[in-house]
Amino acid sequence: MELTPEIIEKLNMLQEKYTAMGQDMSAYLDGLLYADFLTYWDYIHLDTLLSLQSPKTPFPDEEIFIMYHQITELYFKLSLHEFKQVASHPSLTVEFFTERVRRINAYFNALTTSFDVMVNGMEKEQFLKFRMSLLPASGFQSGQYRMIEISATDFNRLIDKNKREELTNASIEEQFEHIYWKYGATELATGKQTLTLKQFMNKYAEQFLQLIKDRKETNFAVLYQKFAAEGHDVSGLAKELQYLDLFVNVEWPLSHYKSAVRYLERDPVDIAATGGTNWQKYLPPRFQKRIFYPFLWTTEQIDEWGKGWVISALKQSAKMK
C-alpha cells in the first residue's frame, strides 16, 4: 500500500504528539499492530450486561421487572452525566446549558413514555407473588434519582413543604433531616422509619450531603437565575427547565402512581409497597407539590400543580380493572 501524503502527515503528527509526551511512537505502533479489532459486544460489554438479571423467583415476569429498573438507572446515569457537564463547565453558556437540559428531557421522555411496560407489561398475579421475595428493597432506594433532584434545584425546594419556610436559614444537615422523601418511607401504622429508609440512608446519606454542598452554586436553578440576572436571552432555557420540572416532579412520579394503583390498590385495604412506603400520599404530585423552578410558573399553575394528572390517572386505572 502506498504511503500517501495524508498518511505521512498523520504519522508526523503522531510523532510530534508522542515526542511532546516523552514517548516512543514506535512502541505504540507495535501495540496497534498486535491489538485485535474491536467488536461491538466487547465495546459495550454485552455478555456482562445480559448476565446481570438474577430473578429471585421462577415467575417469568420478574425478569421484565428487573430489566426495566436497570434501564431506568442507565437513563438516570445519562441524566447525571449531563448535569455534571453543566455544573463543571469552565465557561458555561446559555446555549450549552439549554442543549444539556434538552438531552435530559429526552431521557425522561423515553422513561415516562415507556412506563407502560410496568403498568401493563406484567401479570398482576405474578407480580403480587414475586414482589414478596424483594422485601424490603424498593424503587424508593434509587440514589441516582435523588442526585438528579439535588442537582436540579435549590436544596430548600426539596424540604418537606410544611417545614420549608421554618428551615430557610437552617444548616444543610438540619434541612436534610426534613427532606421530603423521608416522609414517604414511614410505616403507615406507626409513623416510624422503615427498614427501606434506614438502609438507604446508611448507603447514601454522606454522598447526598456532599452533593448538596457541591451543587449549592451550580444547581440548575441558581445557574438559570444567574444568566437571567445578567440579561441573557433565557427564553429557550426557561422552556426546557419547565419541561424538566414536569418530567421529574409530575410525569415520573405519576407513572409510578399509575403502576401502584394498577398492582397495589385493593378495596377496602390497599396492598403495602415492598419497602413499606406510603405510596398513596408519597407519589401523587399534587400532595408533594415539588416544583424545582417556581419562578417559571404562574400562581395558578402552582396552585393546580399535578391535580389534573392525578385525576386522569385514576380514571385510566379504573378502566383497566
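Values in this text are rule-based calculations from the coordinates and carry no lab data. Keep in mind it's a predicted model, so treat the numbers as computed, not measured. Backbone-built Cβ (ideal geometry, glycine too); neighbour counts: all protein chains shown.
Some values worked out for this structure:
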| read-out | value |
| --- | --- |
| Helix runs (DSSP H) in the chain reaching 30 Å along axis by Cα, Kyte-Doolittle at least -1.0 | 61-88 |
| Neighbour cut-off at most 12 other Cβ (10 Å), DSSP loop, chymotrypsin sites (Phe, Trp or Tyr not before Pro), the stretch 42-110 | none |
| Principal axis box of the stretch 77-125, alpha-carbon based, largest edge first, Å | 54, 16, 8 |
| Residue with peak Gaussian network fluctuation, the chain [Cα springs, cutoff 10 Å], from GLN242, GLN15, GLN144 | GLN15 |
| For TYR224, TYR18, order by how many other beta-carbon atoms lie within 10 Å, fewest first | TYR18, TYR224 |
| Extension reserve of the LEU46-THR113 stretch, reckoned as 0.36 nm per residue once the Cα distance is removed | 21.6 nm |
| Links that overshoot a 19 Å alpha carbon limit, given the list LYS161/LYS226; LYS56/LYS124; LYS192/LYS307; LYS163/LYS289 | LYS161/LYS226; LYS192/LYS307 |
| Euclidean distance between Cα centres, the stretch 1-76 to the stretch 134-171, Å | 36 |
| Order of LEU237, LEU223 under a 10 Å beta carbon neighbour criterion, fewest first | LEU223, LEU237 |
| Calculated Rg and Dmax of the stretch 1-124 using C-alpha coordinates, Å | 23.1, 67 |
| Residue exposure sequence - ILE71, ILE159, ILE64 - by fewest surrounding Cβ within 10 Å | ILE71, ILE64, ILE159 |
| CD proxy at 222 nm, helix term only [per DSSP H run n ≥ 4: -39500 (n - 2.57); per residue of the chain; nearest 500] | -17500 deg cm²/dmol |
| Alpha-carbon gyration tensor eigenvalues x 5, square-rooted, for the chain, Å | 41, 29, 19 |
| Cα gyration tensor, the stretch 32-191 - rounded (a/c under 1.5), prolate or oblate | oblate |
